[in-house]
Amino acid sequence: MLANFNYTPFLKQAYIDPIRTVTVIDDEYPTLEELVILGNEDFGDDDLDRLYDIIEISRKKEFNWLLDVYNGGEDSINSGSITSRLNHSDLLILDYHLDGNDDGYCKKSIDIVKNLSSN
């Protein structure tokens, strides 16, 4: 009876367990560079809490992922030339609305996906 077969452990083993590096691109996350240069006074509590949550999740013993965060404003992203670091990430979490509006279309996000899919 295959109907009762539990695929969850196999999916976790094939898709979650191999993840070692995670890259987040979201315009509402402060980057490490911004925090070092600007300090945390320039960011809202919600933005800092959101960043803290993703850091906490990535460092759990269960995952132990290496995390990198971009805000979508970096020159390499704006010019369409994705940095080699994105190509080496096991998991990419990409905000669809990198330009901060909610009109249903974000050229930056689509360009990132196109650039990654061609590599």
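Points to keep in mind about this one:
- Spin-label pair Arg59/Arg20, simplified geometry with 7 Å Cα→Cβ offset, distance in nm: 2.1
- Protein-only accessible surface order, largest first, of Lys61, Lys12 at 1.4 Å: Lys61, Lys12
- With an a/c value of 1.5 or above and a/b larger than b/c for the gyration tensor axes a ≥ b ≥ c computed over the alpha-carbon atoms, the stretch 8-62 is described as prolate.
- The chain: relative contact order as a whole-number percent, Cα under 8 Å and 6+ apart: 33
- Averaging over all projection directions, the Cα-based convex hull of the chain occupies 10.1 nm² in the image plane.
- Cα-derived Rg to Rh of the stretch 32-73, Kirkwood definition: 1.01
- With every protein chain in place, the chain: carbon and sulfur % of accessible area (1.4 Å): 53
- Adding -39500 (n - 2.57) for every DSSP H run of four residues or longer, then dividing by how many residues the chain holds, sets the calculated 222 nm ellipticity at -9500 deg cm²/dmol.
- Accessible area expressed per residue, the chain, with surrounding protein chains retained (probe 1.4 Å, Å²): 70
The values are calculated or read from the model by the stated rules, or taken from the named source; none is laboratory data. Remember, it's a predicted structure, so these values are computed and weren't measured experimentally. All Cβ positions, even for glycine, are placed from backbone atoms using ideal geometry, and neighbour counts span all protein chains on display. In case anyone asks, the SASA skips ligands and DNA or RNA and just uses the protein heavy atoms, side chains included. Shrake-Rupley method; radii C 1.70, N 1.55, O 1.52, S 1.80 Å.
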